[in-house]
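The values are calculated or read from the model by the stated rules, or taken from the named source; none is laboratory data. Keep in mind the model is a prediction, meaning the values are calculated, not measured. For neighbour counting, all protein chains shown are included, and Cβ atoms are generated from backbone atoms with ideal geometry for every residue, glycine included.
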Amino acid sequence: MTLQAATHATGTATSYQSTASGSSFYAAMRILPAEQREAMFHIYSFCRQVDDIADSDGPRRERLQALQQWREDIDALYAGHPPARLIDYAASVKKFALQRQDFLAIIDGMEMDVPQEIRAPDMATLDLYCDRVASAVGRLSVRIFGDASTAAGRVAHSLGRALQLTNILRDLSEDAERGRLYLPRDLLERHAVAEREPARVLAHRAIGAVCEDLAAIAEQHFAAASAAMERCSRRAMRPAAVMGAVYHASLDRLRRRGWARLDEPVSLPRSMKIWLALRHGLL
């Protein structure tokens with residue numbers, strides 16, 4: 001989607017359902033009752049639109065302005081005067097007590113890619129990025145799933161990071177083509193990788209060790225999320241369990257493929273996604 005299309009999209013959940021229909025997200029959300037599923041597609045739509053702005057080829061200044069307009073629109077939504085593209089969100093925000101700061105955190109996270117391309121952030125910055133673009137989505141999601149407990153918040157915290165780190169490892173080659181490198185500086189320095197140019201980093205002989213270290217951090221977050229789910233409503237956490245299982249399986253496949261052929265895509269067959277959805281969604 002272009003910048004212009006993203007900034008003028010309606011924001012309705014149905015406008016993005018066809019885009020999501022083949023995704024891991026859809027595999028998890030289809031097990032929800034209609035009202036919760038509709039609310040989750042609102043979140044999906046919102047994330048797609050602000051992400052499309054951040055990833056567009058438009059001038060950086062215009063992208064920053066477009067993201068600022070989203071902040072103002074979110075403020076208007078919570079003030080009781082939603083703009084046209086957020087009118088459908090009002091009922092979900094009220095019913096599920098969705099928090100304004102989580103929507104704003106997502107925008108802040110997307111904005112981190114705009115002033116300049118992210119390249120080898122330190123670990124603290126990468127963690128902040130993951131919190132904003134993924135764990136904040138999790139915090140909105142667990143409320144929609146029906147669990148706003150402290151334990152559910154820990155699920156959002158850890159599972160969001162696990163999923164985002166998996167995405168980073170999956171998309172290394174694609175991100176490098178955009179001039180982006182999300183591998184943390186701390187791990188690069190640990191393995192004596194002094195390069196910061198994305199293509200050179202990915203061609204470095206130590207790239208496998210760096211990726212394995214980041215994969216190990218993702219594994220820790222998957223384990224922490226699983227432990228936190230044990231203290232939550234099992235029924236409420238079914239969609240989170242499905243997402244965790246699908247992404248964990250993807251991480252396993254990435255590690256089995258190895259880190260020498262980063263442009264070789266790794267994906268799960270639809271049959272496996274369905275099996276994981278049934279296994280974890282019918283507990």
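Of note:
- When Ala224 is tested against (1) under 21 Å from the mean Cα position of the chain (by Cα); (2) touching a residue at least 60 places away in the same chain (Cβ under 8 Å); (3) crowded, with 18+ Cβ neighbours inside 10 Å, only condition (3) is not met.
- Checking Ile53 against (1) under 18 Å from Asp175 (Cβ atoms); (2) touching a His at 6+ places or on another chain (Cβ under 7 Å), the condition it does not meet: (2)
- The test for being outside any helix (DSSP H, G or I), at pLDDT 90 or above and more than 15 Å from Gly160 (Cα to Cα) does not hold for Glu212.
- Residues being surrounded by 21 or more Cβ atoms within 10 Å (Cβ to Cβ) and within 17 Å of the chain's Cα centre (by Cα) - total across region 114-128: 1
- Selection count where residues are over 14 Å from Ala240 (Cβ atoms) and in contact with a His (Cβ under 8 Å, 6 or more places away or on another chain), scope region 156-165: 1
- Residue within region 91-102 that is in contact with a Phe, Trp or Tyr (Cβ under 6 Å, 6 or more places away or on another chain) and among the aliphatic types (A, V, I, L, M) present: no
- Residue check, Ser92 of a type in the set (S, T, N, Q) and assigned by TED's automatic domain parsing to the domain that holds Leu163: no
- Residue among Ala176, Ala215 that alone is closer than 23 Å to Asp131 by Cα, crowded, with 17+ Cβ neighbours inside 10 Å, in the same structural domain as Val133 (by TED's automatic domain parsing) and over 18 Å from the mean Cα position of the chain (by Cα): Ala176
- You will find that of Glu189, Glu195, the residue that is in a helix (DSSP H, G or I) and in the same structural domain as Ala241 (by TED's automatic domain parsing) is Glu189 and no other.
- Residue match in region 92-106 (condition: crowded, with 23+ Cβ neighbours inside 10 Å and of a type in the set (Gly, Ala, Ser)): no
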